[in-house]
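For reference, the structure is listed below as structure tokens.
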Amino acid sequence: MFRGRYQHTIDPKGRLSVPAKFRDVLAQLDGGLIVVPNDNALEVHPLEDWERLESRIGEQSQFDPEVRKLGRLYISRAKEVELDGAGRILLPPDSRQQAGLARDVTLVGPGRRYFEVWDRARFEEYERTNGDGLPSLFERLSQLGV
């Protein structure tokens, strides 16, 4: 699982240094990485986990309009990248643009098997506008028996 927050910068060539804690998690897995923009950020998935997600989506009917839309708008944006010897990933220009990433970023480990790369100002605004909802989220966890 990826957890924690780290502030980094994307260099002029589009490379992003992955925090050591995240690299430790990745070292336990085989294969490359998948980057895919979502509505707010860029998700970074281990390839094995991404393939499992694609497989589960592939089990759904190809005629389901929502599944087709998901493929066109989300899955089609996915790109395979590699962690280089210096612990960096090269973020494709179109992926950076779709996620609104320029230079200053915050890497967010949400306690899942992927992490997110946010534009730093966008993440600060997200936290500012959503942070007061944390007590209700704790209540929701309680209702789920967590």
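Numbers at a glance
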quantity	calculated
Failed item in (1) under 16 Å from Leu16 (Cα atoms); (2) modelled with pLDDT of 95 or more; (3) more than 13 Å from the chain's Cα centre (by Cα), with Glu125 passing the rest	(1)
Within the range 17-42, tally of residues that are out of contact with any helix residue (DSSP H, G or I) (no Cβ under 9 Å at 6 or more places or on another chain) and of a type outside the set (Phe, Trp, Tyr)	11
Scan of the range 20-40 for residues that are touching a residue at least 24 places away in the same chain (Cβ under 8 Å) and more than 16 Å from Arg113 (Cβ to Cβ), ordered by number	Ala20, Pro37, Asn40
Top-ranked residue of the range 17-50 - restricted to ones that are more than 19 Å from Leu70 (Cα to Cα) and of a type in the set (A, V, I, L, M, F, W, C), ranked as surrounded by the most Cβ atoms within 10 Å (Cβ to Cβ)	Val18
Unmet requirement for Gly14, which otherwise passes all of (1) surrounded by 15 or more Cβ atoms within 10 Å (Cβ to Cβ); (2) on the phi < 0 side of the Ramachandran plot; (3) modelled with pLDDT of 95 or more	(2)
Complete set of residues in the range 103-130 that are over 12 Å from Leu42 (Cβ atoms) and among the aliphatic types (A, V, I, L, M)	Ala121
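The values are calculated or read from the model by the stated rules, or taken from the named source; none is laboratory data. Treat the numbers as computed from the prediction; the structure is a model and nothing was measured. Ideal geometry is used to build each Cβ from the backbone, glycine not excepted, and the neighbour counts take in all protein chains shown.
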